[in-house]
């Protein structure tokens with residue numbers, strides 16, 4: 001039992017990440033914001049991959065592959081007799097996805113991702129046939145075609161083969177050609193908007209003040225905690241230079257809000273700064289966790305020796321199991337020390353995540369808790 005608890009505690013400690021305390025730091029506006037309306041657009045298409053080495057779709061289970069090939073052959077002037085049982089072991093139906101970057105012009109090349117749609121065993125060595133890529137408006141914006149590249153490699157040792165990559169997904173570098181650009185209002189209006197990556201009233205106002213300090217007047221106005229309105233030049237080249245100067249303005253960001261991020265799949269916990277816990281008691285399964293405030297008094301060794309009595313706040317963490325055994329750990333008020341104490345007492349990752357969520361609901365965890 002002790003070995004099991006030790007293993008659990010070490011595994012949780014290995015997945016626990018504590019970041020150093022944050023201090024005021026300089027960031028550029030480009031690292032904190034993005035320009036509203038200047039974004040990429042998702043494209044998607046359905047296509048066929050040919051030239052596989054017998055690892056394609058099993059047509060009895062994926063009839064849409066046979067139907068797609070018949071439609072393609074008919075467009076090329078080849079008629080397949082009805083009822084023909086085509087054994088297409090070298091063909092696979094795939095979905096093709098990509099991101100059309102902003103300001104992309106016809107003739108530019110972009111990367112695409114190809115993913116198997118049927119039950120093909122591998123796409124290695126295949127070639128994607130011409131596939132139209134459509135946007136949400138069902139318009140064709142790019143055409144994809146080319147040889148697939150399956151990343152990763154397999155290893156063979158002692159007669160057993162170990163595969164370390166996913167064979168049903170591949171990429172084509174520069175595999176799509178842009179056929180249509182997405183219209184934007186960038187060159188038509190002199191009013192632009194900066195969007196903060198994370199909403200913060202103080203940062204929005206600080207960015208607005210710094211822009212006005214550099215350009216004067218009411219060049220920037222903070223509309224809310226995420227949006228900043230900019231009054232830019234009307235002429236396109238002057239607008240580009242204006243935005244280039246704005247994005248390189250340094251902003252001194254203070255300490256951000258305390259945040260605790262818990263990954264429910266891996267059990268990892270990330271704390272971005274020191275978080276202080278208040279007194280609370282949490283019952284989780286067979287465990288009962290009590291966090292109580294206590295003061296430690298440190299007095300000088302000799303009276304009238306010039307020393308000073310120091311009172312240090314602390315936290316006592318108690319873990320009670322179902323059998324009634326009680327263990328106590330004296331630690332500081334920081335959440336990272338409390339989590340380490342819980343790990344040392346044998347709490348599993350699931351127990352730890354549930355305890356943190358309960359502490360947040362009870363109001364004793366004064367930090368933003370995010371679960372991924």
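Here, each number is a calculation from the coordinates, and none is a lab measurement. Given the structure is predicted, the values throughout are model-derived calculations rather than measurements. Every residue, glycine among them, receives a Cβ derived from its backbone with ideal geometry; neighbour counts consider all protein chains shown.
Once the piece of chain linking residue 53 and residue 209 is laid out straight, how much longer is it, given 0.36 nm per residue of separation minus the C-alpha distance between them? Kindly include the intermediate steps, with their values, before the conclusion.
Numbers: separation 156, 0.36 × 156 = 56.16 nm, distance 6.25 nm.
Full extension of this stretch gives 49.9 nm more.
Annotation for residue 136 and residue 244: the two label points, set 7 Å from Cα along the Cα-Cβ direction, are 3.2 nm apart.
As a footprinting exposure proxy, order 137, 351, 199 by other Cβ within 10 Å, with the fewest listed first. Walk me through the intermediate numbers first.
Working: 137 8, 351 22, 199 12.
Listed from fewest to most nearby Cβ atoms, that is 137, 199, 351.
Placing a label point 7 Å from the Cα of residue 257 along the Cα-to-Cβ direction, the residues of segment 197-239 with a backbone N closer than 16 Å are 197-205, 224-227. Rounded to 0.05, the FRET efficiency of the residue 180 and residue 278 pair, given R0 = 56 Å and the Cβ-Cβ distance, is 0.45.
What is the list of residues in segment 237-256 whose amide nitrogen lies under 18 Å from a point 7 angstrom out from the Cα of residue 105, following Cα to Cβ? The answer is 237-241. On the basis of the beta-carbon distance and an R0 of 22 Å, residue 115 and residue 70 show a calculated FRET efficiency of 0.45. Each of residue 78 and residue 173 was given a label point 7 Å from its Cα along the Cα-to-Cβ line. The distance between the two points is 3.1 nm. Arranged from fewest to most other beta-carbon atoms within 10 Å of their beta carbon, 223, 99 become 223, 99.
Ranking 184, 79, 288 by Cβ neighbours within 10 Å, fewest first, what do you get?
Details: 184 12, 79 8, 288 15.
Ascending Cβ contact count within 10 Å gives the list 79, 184, 288.
Residues of segment 108-130 with an amide N closer than 15 Å to a point placed 7 Å from the Cα of residue 147 along the Cα-to-Cβ direction: 124-129. Site pair residue 235 and residue 202 shows an inter-label distance of 4.1 nm when each label is modelled 7 Å from Cα along Cα→Cβ.
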